[in-house]
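Reading through the structure tokens given below for one structure.
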């Protein structure tokens, strides 16, 4: 009997964590369902993005180079740990950032800086404009791409979509970080957001 009670107590934190995650998913989906389209910011609305995102979401998993993964984790995991306490989420974020950076030829440190500024690595983050998750993807995409709302808070989908959008703007601006980041944030013509991301890049996430 005592052993059974101890076993139950040991399982309790895990059960509470799963319950909290389920509640967060339901709340996020409910919130997104009630955000009116007219309230959205004007970013991420370029018609060319839809087909790009649809193709990106169908891409398979990245080929993983174990050595590259170990070097990346050794450099980034200690920096992310003080910000994000959940080890599984840290690992999932770092793996997906490395994967998408390689797939799209993006600087992984830039992606980390964008996530840092956009959501502080909180995959449940929702902005006042309705942007969702780690990279603050706009909530009209699920309707257009046949996704469910809760997929936007999932680490792989959110980072894949966010990186695809970031790469699109970088290509459009011929690699100009300042202009591309302003487009990503919906603040074209202003430097505040771009300077914040680039400052975070140089101070915290620079890699190689």
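The values are calculated or read from the model by the stated rules, or taken from the named source; none is laboratory data. Keep in mind that this is a model prediction, so the values were computed, not measured. Methodologically, a virtual Cβ is constructed for each residue, glycine included, from the backbone with ideal geometry; neighbour enumeration extends over all protein chains shown.
Got a number for residues in region 182-207 being in contact (Cβ under 8 Å) with a residue 40 or more places away in the chain and either at positive phi or loosely packed, with under 13 Cβ neighbours inside 10 Å (or both)?
Summing the residues that are in contact (Cβ under 8 Å) with a residue 40 or more places away in the chain and either at positive phi or loosely packed, with under 13 Cβ neighbours inside 10 Å (or both) in region 182-207 gives 1.
Residues are listed down the side, and each one gets a yes or a no for (1) assigned to a loop (DSSP other than H, G, I, E, B); (2) touching a residue at least 40 places away in the same chain (Cβ under 8 Å):
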| position | (1), (2) |
| --- | --- |
| 116 | no, yes |
| 123 | yes, no |
| 135 | yes, no |
| 139 | yes, yes |
| 143 | no, no |
| 151 | no, no |
| 163 | no, yes |
| 168 | no, yes |
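List the number of the failed condition for residue 159; all other conditions in (1) free of Cβ contacts under 8 Å to residues at least 40 places away in the same chain; (2) surrounded by 15 or more Cβ atoms within 10 Å (Cβ to Cβ) hold.
Of the numbered conditions (1) free of Cβ contacts under 8 Å to residues at least 40 places away in the same chain; (2) surrounded by 15 or more Cβ atoms within 10 Å (Cβ to Cβ), the odd one out for residue 159 is (1).
Exactly one condition in (1) buried (at least 20 other Cβ atoms within 10 Å of the Cβ); (2) farther than 17 Å from residue 52 by Cα is not met by residue 83; state its number.
Unmet for residue 83, out of (1) buried (at least 20 other Cβ atoms within 10 Å of the Cβ); (2) farther than 17 Å from residue 52 by Cα: (1).
With the condition kept exactly as written, say whether any residue in region 94-111 is in contact (Cβ under 8 Å) with a residue 60 or more places away in the chain, more than 21 Å from residue 52 (Cα to Cα) and buried (at least 23 other Cβ atoms within 10 Å of the Cβ).
For region 94-111, residues in contact (Cβ under 8 Å) with a residue 60 or more places away in the chain, more than 21 Å from residue 52 (Cα to Cα) and buried (at least 23 other Cβ atoms within 10 Å of the Cβ): absent.
Just for region 188-208: of the residues that are under 17 Å from residue 116 (Cβ atoms) and outside any helix (DSSP H, G or I), which one is modelled with the lowest pLDDT? Explain how you work it out, then say what you get.
Taking region 188-208 as the starting set, the residues that turn out to be under 17 Å from residue 116 (Cβ atoms) are 192-207.
If we keep only those that are outside any helix (DSSP H, G or I) too, we end up with 206-207.
On the way: 206: 94, 207: 89.
By that ranking, first place goes to 207.
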